[in-house]
Amino acid sequence: MRNKLSRIIILFLFVASLSGCEAFRKKFVRKPKGEKEIKVVVNTQEYVSQYSRKQIYEKYFLFWKAANDELLGLLNIQEVNRKKRIYYAEKIAENLLQMQQLLAPEKQKALDAYIAEQKQIVVELKKYSLSLGKKLQIKGILRKQRREVRKEFSYKNIEEYLIKE
């Protein structure tokens, strides 16, 4: 009886292997997906700012002023994150560049010196060892920059130099 049962099992397996368990395999094999066509719809429109150039300039001027004040405050504190100082120094340069783009070419050149100074400050702040003398020098440059930029590029004094809309 045992011998007969084992023969039936072997015969069944033999027949199954000849026919190949196609239905069984079909059930568990993934069918390749056909490529779906993706329709791309692009609607372009002219962007019209709701702010005037003067308002945008005022915004960047205020951002510059806040970043300058923040960096000066951070230089006074001994244990401050180095990345925070670098971040504010880069923001100062970025806002000066944004202000420069809104000005007429003759006034843009006057901001070049301040932008170059600020980029040099960023380089100095990226160095790991910042001596007390270097901190004092950077604070002096920032204070001088704050006085001169406020005097020359205040949004009250710059209206005639803004690029026309």
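Rounded to the nearest whole Hz, the Karplus-based 3J(HN,Hα) values (6.51 cos²θ - 1.76 cosθ + 1.60, θ = phi - 60°) of the stretch 39-48 follow the sequence 8, 9, 10, 10, 9, 9, 8, 6, 7, 10, with x at glycine and proline.
When 40, 80 are sorted by how many other C-beta atoms sit within 10 angstrom of their C-beta, beginning with the fewest, the order is 40, 80.
How big is the dipole moment of the chain about its Cα centre under a simple scheme where the beta carbon of each Lys and Arg is +1, that of each Asp and Glu is -1, and everything else is neutral? Debye, nearest 20, please.
1380
Of the three principal axes defined by the Cα atoms of the chain, the extents in descending order read 108, 49, 21 Å. Positive-end ranking of 66, 130, 88 along the dipole of the stretch 53-161, with charges on Cβ about the Cα centre, is headed by 130.
Cβ crowding within 10 Å ranks 37, 148, 159, 90 as 37, 159, 148, 90, fewest other Cβ atoms first.
Here, each number is a calculation from the coordinates, and none is a lab measurement. No experiment lies behind these values; they were computed from the predicted model shown. Methodologically, a virtual Cβ is constructed for each residue, glycine included, from the backbone with ideal geometry; neighbour enumeration extends over all protein chains shown.
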